[in-house]
Amino acid sequence: MAISSTLLATYLHISTASIATALFKRGLRNQFIQNVHSLNSKKMVGEAFTLRYIPAREDLNPIQVFQDSKHPQRLAVEQCPKNGVLVIDSRKDARAASAGSILITRLMKRGVAGVVTDGGFRDSEAIAALDFPSFHQKPSAPTNLTLHQAIDINVPIGCGDVAVFPGDLVVGDADGVIVIPIHLVEEIAEECLAMEKYEAFVLEKVHKGESIIGLYPLTSDTTKRQYEEWLEKQ
């Protein structure tokens, strides 16, 4: 199932916090990628395209492997679709880089929506300066070949303790990155939009000094009527 451009645009206005709550209500408690951080606080929304690393075996992973036009890391950069998100399984190991600024710039120029690794990026200052959503654990100077062997693309992976399947929706913001199973993207969007409208109403009330009791969560009949009136004015 391809996600429509309209739905992708909708998620640009939905926070990972709201998504996490909506997924929790459905029993999904482990969709937030652990220990990854935005390099530049740019919003990211796109379907997952994956790259999987395994621990490098030295006799199979010399510098010469980059001369192979079918090297999986290079293929991932050239095949990740426009508006997709490249998700890299680096086994939570940031001792060597998952990629550097040249490859990340290539992704940006190809129209990819963003990149996330549970490892690290080299050239992190240059990547942070790009107009391109990028998420990693921490900076790492050594080439990926030092510890990572690219082995496959667009297969199910683990990233930051989260199962990521090709085509899942990946959303990133200042809080981090969350993964939405493809069959839930429409209903999660609808619920989150309603949730965030109500939370905007709540914030107005809280800024005015009102108590959260009966307001958050909404249990007061009076507040319900006030919210309905507020919605009509929006």
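The values are calculated or read from the model by the stated rules, or taken from the named source; none is laboratory data. Not measured: the values here are computed from a predicted model. When we count neighbours, we look across all protein chains shown, and the Cβ atoms used for this are built from the backbone with ideal geometry, even at glycine. For the accessible areas, the whole protein counts, side chains as well, though only heavy atoms, and no ligand, DNA or RNA atoms are used. Shrake-Rupley method; radii C 1.70, N 1.55, O 1.52, S 1.80 Å.
Using a 1.4 Å probe on the protein chains only, how many percent of the accessible area of the stretch 75-125 belongs to carbon and sulfur?
Here it works out to 47 percent.
Under a 10 Å cutoff between Cα atoms, tell me which one of THR143, THR222, THR117 has the largest fluctuation in the Gaussian network model of the chain.
Most flexible of the set in this elastic network: THR222.
Using only Cα atoms, what is the ratio of the radius of gyration of the stretch 1-138 to 2.2 N^0.38 Å?
Working it through for the stretch 1-138, the quotient is 1.10.
How large is the dipole of the stretch 92-149 about the Cα centre if only Lys and Arg carry +1 and Asp and Glu carry -1, each at its Cβ, rounded to the nearest 20 debye?
120
What shape does the stretch 79-129 take by its C-alpha gyration tensor, where a ≥ b ≥ c are the square roots of the eigenvalues and a/c under 1.5 counts as rounded, a/b above b/c as prolate, and the rest as oblate?
Here the stretch 79-129 falls in the oblate category.
Could you list the residues of the stretch 175-201 with an amide nitrogen less than 15 Å from a label point located 7 Å from the Cα of GLN226 in the Cα-to-C-beta direction?
198-201
State in Å² the accessible area per residue of the stretch 52-172; use a 1.4 Å probe, count heavy atoms of protein chains only, and round to the nearest integer.
44
Starting from the stretch 1-94, pick out the trypsin sites (Lys or Arg not before Pro) whose DSSP state is loop and whose Cβ has at most 11 other Cβ atoms within 10 Å.
ARG29, ARG57, LYS70, LYS82
Taking R0 as 35 Å, what FRET efficiency do you get between GLU204 and ASP161 from their Cβ-Cβ distance, rounded to the nearest 0.05?
0.45
Under 10 Å, Cα contacts only: if you run a Gaussian network model on the chain, which one of SER15, SER220, SER140 comes out with the highest mean-square fluctuation?
SER220
Extension gain LEU12-LYS138, at 0.36 nm per residue separation less the Cα-Cα distance, in nm?
Length gained between LEU12 and LYS138: 42.9 nm.
Filter the cross-link list LYS43/LYS208; LYS42/LYS109; LYS43/LYS92; LYS82/LYS109; LYS70/LYS109; LYS197/LYS233 down to pairs whose alpha-carbon distance in this structure exceeds 18 Å.
As for pairs spanning more than 18 Å Cα to Cα, those are LYS43/LYS208; LYS43/LYS92; LYS70/LYS109.
Where a Cα-Cα gap under 19 Å defines reach, which aspartates and glutamates qualify for LYS224, not counting those fewer than 8 residues away within the same chain?
Straight-line reach from LYS224, under 19 Å: GLU191, GLU196, GLU199, GLU204, GLU210, GLU232.
Looking at VAL185, PHE24, LEU60, which one has the Cα that reaches farthest to the positive end of the dipole of the chain (charges on Cβ: Lys, Arg +1; Asp, Glu -1)?
Farthest towards the positive end: LEU60.
Quick one: Debye curve from the C-alpha atoms of the chain, no solvent, what's log10 I(q)/I(0) at q = 0.10 Å⁻¹?
-0.50
Which residue fluctuates the most in the chain, going by a Gaussian network model with Cα springs under 10 Å, if the choices are ILE88, ILE157, ILE63?
Of ILE88, ILE157, ILE63, the most mobile in the Gaussian network model is ILE63.
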